[in-house]
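Nothing in this text is a laboratory measurement; each read-out follows from the coordinates by a stated rule. Since this is a predicted model, take the numbers as computed values, not measurements. Note that we place each Cβ from the backbone using ideal geometry, even for glycine, and neighbour counts take in every protein chain shown.
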Amino acid sequence: MILKRISILNYKNLEQVEIGFSAKLNCFFGQNGMGKTNLLDAVYFLSFCKSSGNPIDSQNIRHEQDFFVIQGFYEAEDGTPEEIYCGMKRRSKKQFKRNKKEYSRFSDHIGFLPLVMVSPADSELIAGGSDERRRFMDVVISQYDKEYLEALIRYNKALAQRNTLLKSESPIEEELFLVWEEMMAQAGEIVFRKREAFIEEFIPIFQSFYSFISQDKEQVGLSYDSHARDASLLEVLKQSRERDKIMGFSLRGIHKDELNMLLGDFPIKKEGSQGQNKTYLVALKLAQFDFLKRTGRTIPLLLLDDIFDKLDASRVEQIVKLVAGDSFGQIFITDTNREHLDRILQKVGSDYKIFRVDQGVINEMGAEQ
């Protein structure tokens, strides 16, 4: 899928943007805080029905405005045009439409426009809690597997109901707990099996990207832990119930799964330098792209937000080689450093566009500018 054109009104600091894109490479440069990331976030919104950074939709409306609108005009591999519309008014529900027909469930749209975004916020994958790493797995698998997404939604609903029972001051009959625990177990087993299969297939892809960028300087790995591996998930939940009542929430289940990120045999969180951490994250996301490309019906969009920061020249060069190759489809890349972008453009030698971003205004530049 190619994003041919985008139209934006009042999204974050972007008052009115109307631009057409290259089918291969689109570069955005400008100082920090000018709106480069906001433009990428609008593209992200069209794929995931939400912002990559702020889950509260109304807070993405431009200050002192009452609404935002994002429209994307796409073209499928066979030339079929697709129009995606998202609109949100303050104190109203957002609307999401494909070719002017509104979705009844946002989850029906997930995976239609596969997308991978690499950004400074990815540092939370290493530094943050296990929920960040679970979200990474969820974002990848949900884009190619509807059964997974539906099981995850069912599990989270049942989990919320069980947690409500656990907080109750009144006695609750065991049968009521069992209703939600059985739903959690049934949906959770699906999620567990699919996460396990994904990680097993994903590890060698990820390791090959890391090896290329680092030029074999370090070894990295991933391992997946889950309570569902210990015993049947229903037994795990039943055994944990009395302790959960004391705590007021569910201590065990697939909502506590962990993805261990390793440098050598040790957690990269404790061992990794800034450059190693950044290399790890970039390799992780490029592997995510490669995995989606193998499993999906269409090549994902690739959004690269300020990815060269904290990397030495040799690693920057290796990433430039990857990005300039033919493995990727349409790419959107931002940087404060115009030289980084020019080096990529020299290597690509194919179709590209370059844009200057200043105070929320985006202008296309000529090749000589």
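Points worth noting:
- Region 184-247 versus region 55-86: alpha-carbon centroid distance in Å: 34 Å
- Each label point was placed 7 Å from the Cα along the Cα-to-Cβ direction; for Asn54 and Ala121 their separation is 1.1 nm.
- From the Kirkwood radius over Cα pairs of region 151-195, Stokes-Einstein at 37 °C and 0.692 mPa s returns a whole-number translational diffusion coefficient of 303 µm²/s.
- Options Gln65, Asn277, Leu46, ranked by Cα towards positive dipole end of the chain, top entry (Cβ charges): Gln65
- About its Cα centre, the chain has a charge dipole of approximately 700 debye under the convention of +1 per Lys or Arg Cβ and -1 per Asp or Glu Cβ, with nothing else charged.
- For the chain, diffusion coefficient by Stokes-Einstein and Kirkwood Rh (Cα), 25 °C, 0.890 mPa s, µm²/s: 111 µm²/s
- Lysines whose Cα lies under 20 Å from that of Lys269, excluding same-chain neighbours fewer than 8 positions away: Lys217, Lys256, Lys278, Lys285, Lys310
- Distance in nm between pseudo-label sites at Asp326 and Glu174 (7 Å out along the Cβ direction from Cα): 6.5 nm
- The share of Cα pairs per 10 Å bin across region 130-296, counted from zero up to the longest distance, runs 10, 35, 28, 19, 8, 1, 0 percent.
- Cβ-derived FRET efficiency at R0 45 Å, Lys89 paired with Ser208, nearest 0.05: 0.45
- Near-label residues of region 137-166 by backbone N, under 20 Å of a point 7 Å along Cα→Cβ of Met247: 155-166
- Neighbour counting of Cβ atoms within 10 Å sorts the residues Leu165, Leu303, Leu159, Leu251, fewest neighbours leading, into Leu251, Leu165, Leu159, Leu303.
- Kirkwood-type radius of region 1-86, with distances r between different C-alpha atoms, in Å: 13.5 Å
- Taking 0.36 nm per residue of sequence separation and removing the Cα-Cα distance, the Lys256/Glu200 pair yields an extension gain of 18.3 nm.
- The chain: calculated mean residue ellipticity at 222 nm from DSSP helix runs of at least 4, using -39500 (n - 2.57): -14000 deg cm²/dmol
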